[in-house]
Amino acid sequence: MSDFKHVPKYPVQTLGKALDILEYIKNNPSSEGISLTEISSALNIGKSGVHRLLDTLMAYDFVEKINGVSPAYRLGWGLFNAGNAVPKQHTLNGANYVPIIEKLCNTFFETTNLGILNNYEAIIICKMEPARMLRTNTQVGEREPIYSTALGKLFMSDMPEKEIDNYLERTTLKKLASNTITDRDKLLEALEKVRQQDFAVDNEEFVDGMICLAMPIRDFTGHVVAGISISGPSKRMTKEKIGEISPVLRQACLGISQFMGYTK
């Protein structure tokens, strides 16, 4: 889950050339295909070598040949099917988020949660508590309303307008704490702010005296599939501390998002 590009210690040149061909065809999409001559010239690989590599890739249906006056090649459905298997192997699980949650908690010494959306409620699936007397009382498995929590507002901000309207039509915005937003228009304004800044804050909107900062985890489609929140008493969660937490939390969420296939 990092940005660096892996450099092989033991490169296999033939395999590398085959992958270069796939990359070139991918970056130059054409329903009419790309000629062997163009591929050879662009990649500086002899025509005979390109022909052999394409022939092998065709055997796996990674490329397909378009017969005509001058044969051309385009990506095949075998490559598409292989790509479709990737999301199934990059799902949220404890191995890829528990160490991150632990590190965030130990770094800032505040309650750190990872939550997902289920039935229009935010559910805490991972929670780390600092060894402090004064801390939050949320528990793993707890369901929280999405309109009054930082995690919930992340999920709401990612919903289509019609879905938000439907939710608000059947939901009573109850005042749960001193700053709970109970006005529909003000909530919509708050959600637009979340979209613009790509993070959400619960400023004593769910529990009096508690402030929470949450940032999104996105999958390969760009949708918010989870979020990480850091929360604590308002006397500790000052603007200065939130400013310290923000870049670190954003990088942590981006790392998990990249594992899930998200690209900016």
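Structure above, values below:
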{"item": "Backbone HN-Hα couplings from phi across region 68-75 [Karplus 6.51/-1.76/1.60, Hz, Gly and Pro as x]", "result": "x, 4, 10, x, 9, 10, 9, 5"}
{"item": "Label assignment, Cα Rg over 2.2 N^0.38 Å derived from the structure, set (1) 1.02; (2) 1.34; (3) 1.41", "result": "(2)"}
{"item": "Contour excess over end-to-end distance, with Cα ends at K103 and N28 and 0.36 nm allotted per residue", "result": "22.8 nm"}
{"item": "Label-point separation, K9 to S178 (7 Å along Cα→Cβ), nm", "result": "5.8 nm"}
{"item": "Gaussian network model of the chain, Cα within-10 Å springs - most flexible of T111, T149, T221", "result": "T221"}
{"item": "Helix-derived mean residue ellipticity, 222 nm - over the chain, DSSP H n ≥ 4, -39500 (n - 2.57), to 500", "result": "-13000 deg cm²/dmol"}
{"item": "Phi-based couplings in Hz for region 33-42 (Karplus 6.51, -1.76, 1.60; Gly and Pro marked x)", "result": "x, 10, 6, 4, 4, 5, 4, 4, 5, 5"}
{"item": "Cα gyration tensor category, rounded, prolate or oblate, for region 13-85 with a/c compared to 1.5", "result": "oblate"}
{"item": "Whichever aspartates and glutamates have a C-alpha closer than 14 Å to that of K193, once near sequence neighbours (fewer than 8 apart) are set aside", "result": "D158, D185, D202"}
{"item": "Flagged links, alpha-carbon separation over 26 Å, of K127/K235; K47/K88; K103/K264; K174/K241; K175/K235; K186/K239", "result": "K47/K88; K174/K241"}
{"item": "Estimated vicinal HN-Hα couplings, Hz - region 191-196 in sequence order (Karplus 6.51, -1.76, 1.60; Gly, Pro = x)", "result": "5, 5, 5, 4, 4, 5"}
{"item": "Difference of contour (0.36 nm per residue) and Cα-Cα distance, S234 to L19", "result": "72.1 nm"}
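The numbers here are math on the coordinates, done by the rules we state, and not lab data. Just so we're clear, the structure is a prediction, and the values are computed from it rather than from any experiment. We place every Cβ from the backbone using ideal geometry, glycine too, and count neighbours over all the protein chains shown.
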